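The values are calculated or read from the model by the stated rules, or taken from the named source; none is laboratory data. Please read these numbers as outputs of a predicted model, since none were measured by experiment. Cβ atoms come from the backbone with ideal geometry, glycine included; neighbour counts cover every protein chain shown.
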2 protein chains.
Amino acid sequence: MDKTLHHPDRDQIELAAVLDALSDPIRLQIVQRLAKAGEASCSSFLDYGTKTNLTYHLKRLREAGVTRARAEGAFRYISLRNEDLEARFPGVLAAILANIQDAA
Amino acid sequence: MDKTLHHPDRDQIELAAVLDALSDPIRLQIVQRLAKAGEASCSSFLDYGTKTNLTYHLKRLREAGVTRARAEGAFRYISLRNEDLEARFPGVLAAILANIQDAA
DNA sequence: GCAATAGTTCAAGGATTGTTGAACTTATAG
DNA sequence: CTATAAGTTCAACAATCCTTGAACTATTGC
């Protein structure tokens with residue numbers, strides 16, 4: 001496994017990419033849960049899809065700069081890049097988070 | 001031509017669809033210009049793409065509930081559904097508009 | 001060591017996206 | 001009526017997206 005997964009720098013995060021990452025219902029649910037839980041392992045999202053599918057969606061979120069992945073042993077802990085996003089695109093994530101409807 | 005183009009009702013507008021509509025650089029530029037100009041004809045966006053291509057992007061914006069199209073003679077005037085979006089997803093459009101960088 | 005768990009990579013497939021040119025409809029101008 | 005301009009529809013195409021199962025790597029526990 002790559003020791004350092006690819007995360008874009010704060011100032012390389014692009015608005016269109018962030019919105020694209022958040023344009024999928026599954027990824028919106030993931031982000032909503034992260035907003036509540038703060039940090040969560042990949043497998044805690046298994047109710048949203050298969051393992052492979054989650055790897056895919058979590059990768060899209062990460063590469064868009066929406067989330068960060070931290071490796072700890074066999075686990076990956078995912079969290080929102082809240083401060084980075086707020087610094088780069090003030091208000092955007094907060095407004096979206098406030099409007100994700102629960103479940104689907 | 002259809003007298004009434006399809007526009008979703010305010011409460012049928014979905015967050016994921018709005019974000020998807022705004023996840024394309026061309027459509028972001030269109031929306032930015034609409035925010036400044038208030039109302040504009042299709043052809044006023046010709047510097048962003050071909051006629052056919054604009055029909056495509058404007059349709060995506062309209063069907064997502066982001067814009068409204070009003071026919072007047074041979075023209076179509078496009079505008080943002082500002083109040084509808086603010087009522088449905090408070091703060092979202094405003095935050096995004098405030099963060100679209102000019103040009104590309 | 002061996003087995004189990006966490007997660008990724010690969011390859012495949014169908015669905016959607018973005019783009020274009022040609023042909024079309026509708027409306028205005030002369 | 002004829003010509004022109006505003007937009008749309010259609011058909012095609014390459015590219016990307018989402019989903020899956022099988023095979024893989026890496027870590028933990030016994």
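Please specify each residue of the stretch A:41-55 satisfying the condition of being near DNA strand D (Cβ under 7 Å from one of its atoms) and outside any helix (DSSP H, G or I).
A:G49, A:T50
Suppose we filter the stretch B:1-15 for residues that are among the aliphatic types (A, V, I, L, M), over 15 Å from the mean Cα position of the chain (by Cα) and more than 13 Å from DNA strand D (Cβ to nearest atom); how many remain?
So the answer is 0.
Please give the number of the condition B:N99 fails out of (1) within 16 Å of DNA strand D (Cβ to nearest atom); (2) surrounded by fewer than 18 Cβ atoms within 10 Å (Cβ to Cβ); (3) of a type outside the set (D, E, K, R).
(1)
Filter the stretch A:16-40 down to residues that are surrounded by 15 or more Cβ atoms within 10 Å (Cβ to Cβ) and not in a helix (DSSP H, G or I) and give me whichever is farthest from DNA strand D (Cβ to nearest atom).
A:A40
Confirm whether B:T4 is over 19 Å from A:N99 (Cβ atoms) and part of a helix (DSSP H, G or I).
It is false that B:T4 is over 19 Å from A:N99 (Cβ atoms) and part of a helix (DSSP H, G or I).
Could you run through the stretch A:35-69 and say how many residues are small (G, A, S) and either near DNA strand C (Cβ under 8 Å from one of its atoms) or within 24 Å of A:E14 (Cβ to Cβ) (or both)?
7
Since A:A94 meets every condition but one in (1) small (G, A, S); (2) more than 14 Å from DNA strand C (Cβ to nearest atom); (3) within 14 Å of chain B (Cβ to nearest Cβ); (4) within 12 Å of the chain's Cα centre (by Cα), which condition does it not meet?
Every listed condition holds for A:A94 apart from (4).
So which residues in the stretch B:57-96 are aromatic (F, W, Y) and crowded, with 17+ Cβ neighbours inside 10 Å, if there are any at all?
B:F89
Looking only at the stretch B:63-80, count how many residues are among the basic types (K, R) and either within 11 Å of DNA strand D (Cβ to nearest atom) or without any contact (Cβ under 8 Å) to a residue 40 or more places away in the chain (or both).
2
Any idea which of B:E72, B:E14 is among the charged types (D, E, K, R), within 15 Å of DNA strand C (Cβ to nearest atom) and away from chain A (no Cβ under 14 Å)?
Residue meeting the stated conditions: B:E72.
Restricting the first residue to the stretch B:24-43 and requiring it to be more than 10 Å from chain A (Cβ to nearest Cβ) and more than 20 Å from A:V18 (Cβ to Cβ), which pairs with a second residue that is of a type in the set (K, R) and part of a helix (DSSP H, G or I) meet a Cβ separation below 7 Å and a spacing of at least six or different chains?
From residues that are more than 10 Å from chain A (Cβ to nearest Cβ) and more than 20 Å from A:V18 (Cβ to Cβ), the pairs are B:A40/B:R33.
Please state which one of B:Q101, B:Q12 is under 29 Å from A:I30 (Cβ atoms) and modelled with pLDDT under 95.
B:Q101
Is it the case that B:R60 is within 16 Å of DNA strand D (Cβ to nearest atom), within 21 Å of A:P25 (Cβ to Cβ) and charged (D, E, K, R)?
Answer is yes for this residue.
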